[in-house]
Amino acid sequence: MRKLVYYVGVSIDGYIAGPGEEVDFYPVGDDMAAWINERYPETVPTHLRSHAGLEDAPNGRFDTLMMGLATYTPALDIGVTSPYAHLRQYIASTSLDEIADPGVELVREPLAAVRELKAEDGGKDIWLCGGGRLAGALLPEIDELIVKSYPVVAGAGVSAFSGEFRPTLFTPTRRESFGNGAQVTWFTRGEGGR
């Protein structure tokens with residue numbers, strides 16, 4: 001069965017973006033960027049892959065992504081309607097009327113959609129790309145977290161998870177550290193976590 005994996009960057013105080021969806025305050029060092037490009041090349045947007053030398057890189061961990069409208073909007077703002085054309089893309093929104101790009105599917109019920117995707121035979125895992133409200137709604141289906149923790153305090157912004165109070169246990173299984181002070185930690189859903 002495929003897994004839903006929340007692969008996300010967070011500040012020390014638990015924000016995935018600033019109040020205006022900013023993400024440029026994260027200190028990404030060259031060693032960390034190279035590590036991400038080698039292990040998770042599919043997480044680099046299609047329109048940036050040639051700049052990173054990844055235009056022909058095969059998908060590693062993920063072949064599908066689910067993201068919320070706030071995560072999708074910055075791509076639309078620069079005229080990119082299919083930010084991850086090398087993946088199956090699903091945008092969860094109740095306010096968007098339609099998506100003009102045939103490579104991107106609009107989803108009204110993300111929990112049901114994720115359950116269907118996870119039940120598919122074969123394939124790679126599903127990347128929960130963001131944002132915090134969507135992660136909160138999909139928490140019952142998140143199997144693994146891959147958290148890029150950056151040594152910066154944001155002070156305000158978009159929380160990694162938002163929604164109802166629902167303590168859910170995850171167990172750390174591995175950690176990598178980088179020269180910029182950032183760490184990547186893998187967590188799997190703990191006992192009784194569903």
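All of the numbers you see were taken from the coordinates with simple rules; none came from a lab. All figures in this text were calculated on a predicted structure; none of them were measured in a lab. Every residue, glycine as well, gets a Cβ built from its backbone with ideal geometry; the counts of neighbours run over all protein chains shown.
What FRET efficiency comes out for the pair Glu21/Asp56, r = Cβ-Cβ distance, R0 = 35 Å, nearest 0.05?
Given R0 = 35 Å and the Cβ-Cβ separation, E is 0.70.
Taking H as built 1.01 Å from N, whose amide H comes closer than 5 Å to the amide H of Arg88, not counting residues under 5 places away?
The list, which skips near neighbours in sequence, is Thr64, Leu65.
Kindly write out, for the stretch 2-11 in residue order, the coupling ³J(HN,Hα) from the Karplus curve 6.51 cos²θ - 1.76 cosθ + 1.60 (θ = phi - 60°), rounded to whole Hz, with x marking Gly and Pro.
Karplus values, whole Hz, x for Gly and Pro: 5, 9, 9, 10, 8, 9, 8, x, 9, 7.
So what are the ³J(HN,Hα) numbers for the stretch 113-120, from phi and the Karplus equation (6.51, -1.76, 1.60; θ = phi - 60°), rounded to whole Hz, Gly and Pro as x?
4, 5, 4, 5, 5, 5, 7, 5
State the extension gain, in nm to one decimal, for the chain segment bounded by Val28 and Glu164, taking 0.36 nm per residue of separation less the distance between their alpha-carbons.
45.8 nm
Answer rounded, prolate or oblate for the stretch 127-194, using the Cα gyration tensor with square roots of eigenvalues a ≥ b ≥ c: rounded when a/c is under 1.5, else prolate when a/b is larger than b/c, else oblate.
Because a/c hits 1.5 or more and a/b fails to exceed b/c, the stretch 127-194 counts as oblate.
Starting from the stretch 1-93, pick out the GluC sites (Glu not before Pro) whose DSSP state is loop and whose Cβ has at most 13 other Cβ atoms within 10 Å.
Glu55
Using just the helices of the chain, give the 222 nm mean residue ellipticity in deg cm²/dmol: DSSP H runs with n ≥ 4 each add -39,500 (n - 2.57), and the total is spread over all residues, rounded to 500.
-5000 deg cm²/dmol
With r as the distance between the Cβ atoms of Arg108 and Gln183 and R0 = 45 Å, compute the FRET efficiency 1/(1 + (r/R0)^6) and round to 0.05.
Between Gln183 and Arg108 the formula returns 0.80.
Once you sort the root eigenvalues of the Cα gyration tensor of the chain as a ≥ b ≥ c, which label holds: rounded (a/c under 1.5), prolate (a/b larger than b/c) or oblate (the other case)?
Note, shape of the chain comes out rounded.
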